Amino acid sequence: MSPAISLHTPRWKEVDVIRRARWFIVLVCLLVVLANAWSLVEGRTRQIRQAELANLNLARALSLQMDAVFGEAGRLIENIAFDLEQRELSDASLQSMQPALVHAVAQMAHLDNVVIIDAAGRWRLFTQPTSPTATDKRTQPYFEHHRSSPSASAFVGAPILDRASRRWIIPVTKRLNDPFGRFAGVVLATVDLAQIGRVLATYEIGARGAIGLIHDNGTVLARRPDDGQQMGRGLASSRLHQMFAGRTRMSAEATSPIDGEVRIFGFQHLPQQPLYVLVGASKQEVLRVWVRGAVVQSTAVLTMCIVIGLAGASVVRAVRDRVLAEAEARETGLALEASNLQLSHLVRHDALTGLANRRYLDSMLEEAVTRGSASPNPLALLMIDVDHFKAINDNLGHQAGDECLRRVATVVREVSEREGGFAARYGGEEMAVLLLDHDWPIAAAESLREAIESLDWPDSGPLARKVTVSVGVAVADAKTLITSDDLIAAADRALYAAKAAGRNRVAVDPREPFPDQTRGVVGA
């Protein structure tokens, strides 16, 4: 039988190649996207960090500037308080001090006025040319603070609207004591918020940025942008104020409790004053350039991924076409090989019995004779003939004859394979077995004859009879130089001798031109 060859070979290798190509393209695109994402995150972080550093530096510069402003006002009122505590708080002594105070205020651009208030809340001395209103100052927070607290430290109050000048001011005050340490009044220096606003306006913070000067108690003293509604506003309960409470310097992102804008804040506390500066850059403005760059960069990356995907798809299609073409060629080759093997099998084998045909036997016999001269073991040819086969054909029909030949051929093939031989149909009802390097060929022939004789045939039907064979054996070894034709002729003579002796037996060539292999064989 011809060897079985599957024409549907598995394509898992081809599928794996295509899958790997697709995954490679996906991986490349994924790496490009991840690299872009990492670059964008890094750029965003860097942009925010730069804004934080810029805000911290600006807050530090402003804190030093504001500390100098309020420090000058504090030192001025401390000097005035010291001088007043050395003399009586009389009109004559106060009048003598006015020119010097007017000159001192004129030297300080941020100061608006210096006022001396006695223990009854009356204005005893002021540096502005216009007279102050007759408001009782005892109700002012800074007056109540100093009257109730013996602290000698300067006090920075909440912004107030000066009724005389109609300007917003920040009061910086100090307690006055009499010789017995009792409360004698307040020295007041007012810082002009308009001047503070002009200082804040010199710094660029963007259209949505903000700068604030805030008291430690959360009171807004000054702010840019200024809508006129924020001075004196309390932020003590806001998350923003609580975030910076007790700290000296830090940066944070937070939502403004005033306008709801999300800003990146830089916080710096004044070194010598109970105040702090907040500089906030709008997060949206900080990231505006980054957002534009991110859109452009992401669009470029997306375009790149599309190009890679299209090019990759083209490559995958090319790989798939090549792989499929190779698979088709391979399957075509396998089909051709199967056809060739089948054709070779048909050319070399008999269609009825499945045994090798005469041509195949001749080639094998020629090769065996050529190779046998170098082997110490004998070479034997068994010629087999079905006894009375013509009578089976004539009496039972050709179909019965064909069935008989197939059954006998099956036994011949099995015995031949067991003995290590080569079985063929010689022609008609004759078959042959070639035994290579076999020590007892006649014993093998006898075994074959007995196997055929013992075949089980149907109890009824055309072949309800016993089938036997006659076997002729020809043997040659290395010392006997023969041709294939000689070996066939000797086997034929042996076969005729077996038939002449009564059939259903094994015989050797009566001329005995070959080594004696008949020892121990009954009937030889």
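The values are calculated or read from the model by the stated rules, or taken from the named source; none is laboratory data. These figures come from a predicted structure and were not determined experimentally. In this analysis, Cβ positions are derived from the backbone assuming ideal geometry, glycine residues included, and neighbour counts consider all displayed protein chains.
Quick look at the numbers
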quantity	calculated
Residues being of a type outside the set (G, A, S), touching a helix residue (DSSP H, G or I) at 6+ places or on another chain (Cβ under 7 Å) and either assigned to a loop (DSSP other than H, G, I, E, B) or over 15 Å from L275 (Cβ atoms) (or both) - total across region 189-230	4
Meets criteria (surrounded by 12 or more Cβ atoms within 10 Å (Cβ to Cβ) and modelled with pLDDT of 90 or more) for R122	no
Identity of the residue in region 419-431, of a type outside the set (D, E) and assigned to a loop (DSSP other than H, G, I, E, B), that ends up surrounded by the most Cβ atoms within 10 Å (Cβ to Cβ)	G428
Lone unmet requirement of (1) in a helix (DSSP H, G or I); (2) touching a helix residue (DSSP H, G or I) at 6+ places or on another chain (Cβ under 8 Å) for A92	(2)
Unique residue being surrounded by fewer than 18 Cβ atoms within 10 Å (Cβ to Cβ), modelled with pLDDT of 90 or more and of a type in the set (G, A, S) when the list is S314, S416, S363	S363
Members of region 286-311 that are surrounded by 13 or more Cβ atoms within 10 Å (Cβ to Cβ), without any contact (Cβ under 8 Å) to a residue 40 or more places away in the chain and more than 28 Å from R20 (Cβ to Cβ)	R288, V291
Tally, over region 49-63, of residues that are exposed (fewer than 15 other Cβ atoms within 10 Å of the Cβ) and aliphatic (A, V, I, L, M)	2
Subset tally (residues that are of a type outside the set (V, I, T) and more than 30 Å from A500 (Cβ to Cβ)) for region 327-376	30
Cβ pairs under 8 Å, 6+ apart, first in region 486-505 and in the same structural domain as L365 (by TED's automatic domain parsing) and in a helix (DSSP H, G or I), second of a type in the set (D, E, K, R) and surrounded by fewer than 16 Cβ atoms within 10 Å (Cβ to Cβ)	A490/R511; R493/R511
Selected residue (criterion: surrounded by the fewest Cβ atoms within 10 Å (Cβ to Cβ)) from residues of region 257-285 that are at pLDDT 90 or above and among the β-branched types (V, I, T)	V262
Number of the exception - G181 against (1) over 27 Å from Q128 (Cα atoms); (2) among the small types (G, A, S); (3) in a loop (DSSP other than H, G, I, E, B); (4) at pLDDT 85 or above	(4)
Only listed residue being surrounded by fewer than 17 Cβ atoms within 10 Å (Cβ to Cβ) and more than 28 Å from E285 (Cβ to Cβ), chosen from E85, E72	E85
Residue within region 366-380 that is touching a residue at least 60 places away in the same chain (Cβ under 8 Å), among the β-branched types (V, I, T) and either touching a Pro at 6+ places or on another chain (Cβ under 6 Å) or assigned to a helix (DSSP H, G or I) (or both) present	yes
Region 153-164: number of residues that are buried (at least 16 other Cβ atoms within 10 Å of the Cβ) and part of a loop (DSSP other than H, G, I, E, B)	5
Scope region 435-456; condition in a helix (DSSP H, G or I) and free of Cβ contacts under 8 Å to residues at least 40 places away in the same chain; matching residues	S447, E450
Every pair of residues 6+ apart whose Cβ atoms lie under 8 Å, when the first sits in region 387-416 and is of a type in the set (D, E) while the second is part of a helix (DSSP H, G or I) and surrounded by fewer than 21 Cβ atoms within 10 Å (Cβ to Cβ)	D387/K499; E414/A451
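For every residue, the table says whether it meets (1) assigned to a helix (DSSP H, G or I); (2) in contact with a helix residue (DSSP H, G or I) (Cβ under 7 Å, 6 or more places away or on another chain); (3) of a type in the set (F, W, Y).
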{"position": "D402", "(1), (2), (3)": "yes, no, no"}
{"position": "L405", "(1), (2), (3)": "yes, no, no"}
{"position": "V411", "(1), (2), (3)": "yes, yes, no"}
{"position": "V433", "(1), (2), (3)": "no, yes, no"}
